[in-house]
Amino acid sequence: MGFIAYLKTQFILHLLISFVFVVSGLIINFIQLCTLTLWPINKQLYRRVNCRLSYSLWSQLVMLLEWWSGTECTLFTEKETVDQFGKEHVLIILNHNFEIDFLCGWTICERFGVLGSSKVLAKHELLKVPLIGWTWYFLEIVFCKRKWEEDRDTVVQGLKNLVDYPECMWFLLYCEGTRFTEKKHQISMQVAESKGLPKLKYHLLPRTKGFTTTVQCLRGTASAVYDVTLNFRDKKNPSLLGILYGKKYQADMCVRRFPLEDIPENETECAAWLHRLYQEKDTLQEHYEKEGTFPGPQYKPPRRPWTLLNFFFWTVVLLSPLFNFAIGVFVSGSPLLIVGFMSFIGIACFAVRRLIGVTEIEKGSSYGNQEFKKNK
């Protein structure tokens, strides 16, 4: 293990990185709160400002993936599709198998200049998570409780609010509704059998309501659907903790573009289109399992320096006063100050670990585990 690789495994560095992320996030959230005064005056200015503020926070996580761990992301797609990236509003369909699938998606967003304006149909519980949920609130993210009877009006209104969004918007949908686990897959395939739907080997049965509603509401705003199938080479199953420890992964993403006008407007036909799409995604996964690669031409979008520069900015702004304060505490010799400072460090460690836990598969929601019982 080289010296740099050794440093990346040290907890003190992890703590400092986390400190920068958390404190800068709280500062950004406060500034976002202040920007609410812009909404009644100039809604589009409010949105543009919040895109930049959100970028300043999310790009720190992208920096960890790109520069700290050195993870590579390779796209398998046509040049005509790449030429459209960052130039149109689109819906993104991504398989939900890995702890860092969202981070790989953010990396591609960053490299094509749409990270700050990226959107997602997110579970309502995330709204309560500091930094993550709070930032999404100011970004007009659409939240749902995953009970369609309760969600319908909220989701429809949230989507309609985005039709005049001024920045290029990539709207992510996890159509499977929850992360893939063997237990959830078994239950999902029982549901497929009970409904007479084709079984899937590598995916859960897609939930069609969110997709068909999003297509209906954003038709005329979004130009296309990008279907993205993500895998990691050598059958790796990366985690956010692994990224923090500097582990390097090779991510492969197969991207297919479907013009929105080619997707049926009728809700039933649109749902059937989504089911066919997931059968095709299953075939792509089968190909990757056998060949270790996706079909088609490869493209590696280059890293940009902005994530690194943004992190350096926050590091200088936040760590300089922290070091000065820490030195002052220990020089003072006051047991009360020293104990208080160490207690703060302990609380910070606990808080950071809880935030990382949000991404862990084993800490994921139980959504889907009871679906078969409900259908029975």
Could you check GLY242 against (1) assigned to a helix (DSSP H, G or I); (2) out of contact with any helix residue (DSSP H, G or I) (no Cβ under 7 Å at 6 or more places or on another chain); (3) modelled with pLDDT of 95 or more and say which number it fails?
(3)
Only one of (1) open to solvent by less than 40 Å² (accessible area, probe 1.4 Å); (2) in a helix (DSSP H, G or I); (3) out of contact with any Ser or Thr (no Cβ under 7 Å at 6 or more places or on another chain); (4) more than 19 Å from CYS254 (Cβ to Cβ) does not apply to PHE30, and that is (1)
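Each row is one residue, and each column tells you yes or no for (1) under 18 Å from the mean Cα position of the chain (by Cα); (2) open to solvent by 30 Å² or more (accessible area, probe 1.4 Å).
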site: ASP164; (1), (2): no, yes
site: TYR174; (1), (2): yes, yes
site: ARG179; (1), (2): yes, yes
site: THR212; (1), (2): no, no
Taking the range 119-132 and keeping only residues that are closer than 16 Å to TRP106 by Cα and either of a type in the set (Val, Ile, Thr) or part of a helix (DSSP H, G or I) (or both), one is left with VAL120, ILE132
The range 288-313: number of residues that are under 14 Å from TYR202 (Cβ atoms) and surrounded by 12 or more Cβ atoms within 10 Å (Cβ to Cβ):
3
Every residue from the range 138-152 that is in a helix (DSSP H, G or I), in contact with a helix residue (DSSP H, G or I) (Cβ under 6 Å, 6 or more places away or on another chain) and surrounded by 16 or more Cβ atoms within 10 Å (Cβ to Cβ):
PHE138
Step by step: first the residues of the range 191-235, then only those that are of a type in the set (A, V, I, L, M) and in a helix (DSSP H, G or I), then the one that is farthest from GLN298 (Cα to Cα). Which residue is that?
VAL191
So in the range 34-61, with the set limited to residues that are among the charged types (D, E, K, R) and in contact (Cβ under 8 Å) with a residue 40 or more places away in the chain, which one is least open to solvent (accessible area, probe 1.4 Å)?
ARG47
So GLU261, is it touching a residue at least 40 places away in the same chain (Cβ under 8 Å), open to solvent by 10 Å² or more (accessible area, probe 1.4 Å) and over 30 Å from ILE12 (Cα atoms)
no
Residues satisfying the stated conditions in the range 62-89, i.e. in contact with a Ser or Thr (Cβ under 9 Å, 6 or more places away or on another chain), surrounded by fewer than 20 Cβ atoms within 10 Å (Cβ to Cβ) and assigned to a helix (DSSP H, G or I):
TRP67
Quick check on the range 1-15: of everything there that is open to solvent by 50 Å² or more (accessible area, probe 1.4 Å) and assigned to a loop (DSSP other than H, G, I, E, B), which residue is nearest to LYS248 (Cα to Cα)?
MET1
Test of understanding: among GLN285, GLN279, which residue is within 28 Å of GLU99 (Cα to Cα), open to solvent by less than 20 Å² (accessible area, probe 1.4 Å) and assigned to a helix (DSSP H, G or I)?
GLN285
Cβ pairs under 7 Å, 6+ apart, first in the range 109-125 and under 15 Å from TYR174 (Cα atoms) and without any contact (Cβ under 8 Å) to a residue 24 or more places away in the chain, second assigned to a loop (DSSP other than H, G, I, E, B) and open to solvent by 40 Å² or more (accessible area, probe 1.4 Å):
HIS124/LYS145
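The values are calculated or read from the model by the stated rules, or taken from the named source; none is laboratory data. Just so it is clear, the model here is predicted, and its values are computed rather than measured. Glycine also receives a Cβ, built like all others from the backbone with ideal geometry; neighbour counts cover every protein chain displayed. Protein only, heavy atoms only, side chains kept; ligands, DNA and RNA dropped before computing areas. Shrake-Rupley method; radii C 1.70, N 1.55, O 1.52, S 1.80 Å.
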